[in-house]
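The values are calculated or read from the model by the stated rules, or taken from the named source; none is laboratory data. Note that the structure is predicted; figures quoted are calculated from it, not measured. Don't worry about glycine lacking a Cβ; one is built from the backbone with ideal geometry, like all the others, and counts go over all protein chains shown. For the accessible areas, the whole protein counts, side chains as well, though only heavy atoms, and no ligand, DNA or RNA atoms are used. Shrake-Rupley method; radii C 1.70, N 1.55, O 1.52, S 1.80 Å.
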Amino acid sequence: MTRLLPSFLDDLLADPDLSRLIDADADCTAMLSFELALARAEAEAELIPTDAADRIAMAGATFRPDQTQLRHATLKDGVVGPEFVRQLRAHIGDPAARHVHFGATSQDVIDTALAIRLRLIFNLFEGRLASIVSALDTLMTSHGANALMGRTRMQAAIPITVADRLAVWRGLVARALDDLQTVRQRNLIVSLAGAAGSAEKFGDRIDAVRDTLAGLLGLSVPSYVPHAARDRIAVLGGWLGQVTGALGKIGMDIALMAQNEIGEIVMQGGGGSSAMAHKHNPVRAEVLVTLARFNAVQVAGLHQALVHEQERSGAAWTLEWMILPQMLNATGTALLHAKSLLDSIDGIGQPGPMPAA
């Protein structure tokens with residue numbers, strides 16, 4: 001995707017590891033994995049010759065698509081699939097070329113490629129969520145017994161302990177980590193349903209092909225045709241908003257605790273000001289709030305993309321392509337900042353009991 005932000009914002013608002021999993025090269029690699037696995041699965045089901053599948057596998061291993069041509073063709077076709085398959089067939093060469101992509105449609109390759117990349121993304125997010133839970137446990141051990149003023153509606157309420165507040169933070173993150181399993185099950189699926197969802201070219205061998213394809217790609221077979229049923233994407237978007245919302249809550253609390261008049265937290269670092277040398281702004285905490293609010297807005301867009309007309313939508317599907325990568329980036333970036341922010345904390349609250357408000 002064309003750069004939309006100046007490069008000096010990259011460290012603040014972008015996740016380099018996530019970017020490598022969603023860029024054009026990663027997408028093409030995943031689409032190629034689908035096509036090679038599809039040929040193998042179809043050969044096992046005797047839908048295409050075994051020697052054709054062997055040729056596709058051997059020649060496909062050296063295939064590198066022309067990204068410039070993909071971009072130009074996608075402007076015309078509205079989808080990358082036709083040009084990607086055309087280039088792959090040209091690279092494979094006759095007679096095996098005609099067996100490439102047999103029975104599939106562009107949505108099959110693109111949606112399955114998304115699932116292939118999501119598997120890696122979920123692993124990345126899982127590790128980061130677990131590290132944040134661990135960081136919160138460390139803070140609980142070192143500062144949990146300290147006194148803190150509890151606040152309701154941003155007013156002093158009654159004394160609590162640091163552990164009381166940390167338990168809320170930890171619970172939000174731990175539940176998001178637990179909920180990832182459901183998101184995985186819903187989204188790590190193969191799509192193979194053909195031109196209009198009826199898998200018409202496979203006949204009674206479709207189940208065998210889907211099962212083999214899923215096994216080769218490390219995915220599962222859905223019990224429904226996923227082309228126009230996008231509820232799994234809405235679930236994914238909701239979970240991404242849940243993660244960034246949990247981290248945004250932590251960021252908001254820390255930003256408030258860091259106010260000069262309150263001074264309930266001590267952190268390393270802090271952002272400077274061009275006009276006020278005394279400032280130590282809680283930048284990472286603020287960005288966590290920003291990213292939470294950004295994803296909250298995008299969730300509504302993915303719910304708009306639930307509305308697919310008939311058997312496939314061009315408009316709704318394209319909306320997913322615009323929104324989902326940005327939500328994934330926001331989530332990855334928030335996880336990075338949250339861990340760094342928690343690791344920077346030197347003290348929370350105060351030892352001993354706190355006077356009543």
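The table below lists the values:
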quantity	calculated
Anisotropy class of region 121-164 from Cα gyration tensor, a/c 1.5 cut	oblate
Protein accessible area in the chain, 1.4 Å probe - carbon and sulfur %	56
Selected from 105, 289, 335, residue furthest toward positive end of dipole (the chain; charges at beta carbon)	289
Choice from 103, 237, 314 showing the highest fluctuation, given a GNM over the chain with Cα pairs closer than 10 Å	314
Burial ranking of peptide ranges 74-82, 182-190 (average Cβ count within 10 Å, highest at the top)	182-190, 74-82
Candidate values (i) -0.30, -0.40, -0.65; (ii) -0.30, -0.39, -0.60; (iii) -0.19, -0.26, -0.44, label of the one derived for log10 I(q)/I(0) by the Debye sum over Cα atoms at q = 0.06, 0.07, 0.09 Å⁻¹	(ii)
Longest segment of the chain lacking GluC sites (Glu not before Pro) that sit in a DSSP loop with at most 12 other Cβ atoms within 10 Å	47-199
Whole-angstrom gap from region 148-163 to region 182-200, using each part's C-alpha centre	49
Top of 62, 152, 244 by mean-square fluctuation, Gaussian network on the chain, Cα under 10 Å	152
Among beta bridges that DSSP assigns inside the chain, antiparallel share in %, nearest 5	90
Check: region 104-199 dipole with +1 on Lys, Arg Cβ and -1 on Asp, Glu Cβ, in debye	280
Dipole in debye (nearest 20) - the chain, about Cα centre, beta carbon charges: Lys, Arg +1; Asp, Glu -1	680
